[in-house]
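Remarks on the structure that follows.
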Amino acid sequence: MSLLEYNHNISVSTENAALVWSDLEKFNTWNKLDLFLINSILQTFPTATAINISKYALNIVIKKYPHLKYLQASLLSNCAKMLMADNNFMEAKIFFSQTLPLYQALFRYDLLLFTKLYLSLCDNNFTQAQEYLSFLKNIGATTLADTAYNEFVRVKKLHYKH
């Protein structure tokens, strides 16, 4: 795919997400489907907006759908990753930390390792992050390991610039 096609697809996705959001923001309450849709379009918003939307959505999930622990964790994790992309590691840690008990309750040890790796990156503990990265590879979570490796490299470069 060429860069032009890639940029066009992102523009179309952002436009489509804006259309979805223009409908959803008018609702007084969100149902399960609305909440999953919101989670899937969070990355199209500026970080501060996405976090406010997520906090509102999380309150609804916790009150009305407490059994949707994976959605709770996903909303928190998406916010944390956006904050990391903005190099706001302290706030990202707060969101990531909240996902740990959820992933444990869901027996999602792959995502638990992934989150611990990201928490290590937030603390600039690259040795610990490397260990978690190895664990992810060893358990066969290659997609998560690849994603984490890219963030590992980015954060490490950022750390050593300063």
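Brief remarks follow.
- Filtered residues of segment 138-157 (kept if farther than 19 Å from residue 100 by Cα and more than 20 Å from the chain's Cα centre (by Cα)): 138, 140, 157
- Residue list for segment 116-128, restricted to those being open to solvent by less than 70 Å² (accessible area, probe 1.4 Å), closer than 21 Å to residue 82 by Cβ and free of Cβ contacts under 8 Å to residues at least 24 places away in the same chain: 120
- Segment 129-144 - residue that is assigned to a helix (DSSP H, G or I) and open to solvent by 60 Å² or more (accessible area, probe 1.4 Å) and, of those, nearest to residue 78 (Cα to Cα): 143
- Verdict on residue 6 being modelled with pLDDT of 95 or more, hydroxyl-bearing (Ser, Thr, Tyr) and surrounded by fewer than 16 Cβ atoms within 10 Å (Cβ to Cβ): no
- Subset of segment 65-82 that is in a helix (DSSP H, G or I) and open to solvent by 70 Å² or more (accessible area, probe 1.4 Å) - its residue that is nearest to residue 118 (Cα to Cα): 81
- Residue count for segment 83-109, restricted to those that are within 14 Å of residue 151 (Cα to Cα) and open to solvent by 20 Å² or more (accessible area, probe 1.4 Å): 5.
- Qualifying residue in segment 107-115 (condition: within 17 Å of the chain's Cα centre (by Cα), in contact (Cβ under 8 Å) with a residue 12 or more places away in the chain and closer than 20 Å to residue 34 by Cα): no
- Verdict on residue 62 being assigned to a helix (DSSP H, G or I) and open to solvent by less than 60 Å² (accessible area, probe 1.4 Å): no
The values are calculated or read from the model by the stated rules, or taken from the named source; none is laboratory data. The shown structure was predicted, so the numbers you read here are calculated from the model rather than taken from an experiment. Positions of Cβ are generated from backbone atoms using ideal geometry, with glycine treated the same way; all protein chains shown enter the neighbour counts. Ligands, DNA and RNA are excluded from the accessible area calculation, which covers all protein heavy atoms including side chains. Shrake-Rupley method; radii C 1.70, N 1.55, O 1.52, S 1.80 Å.
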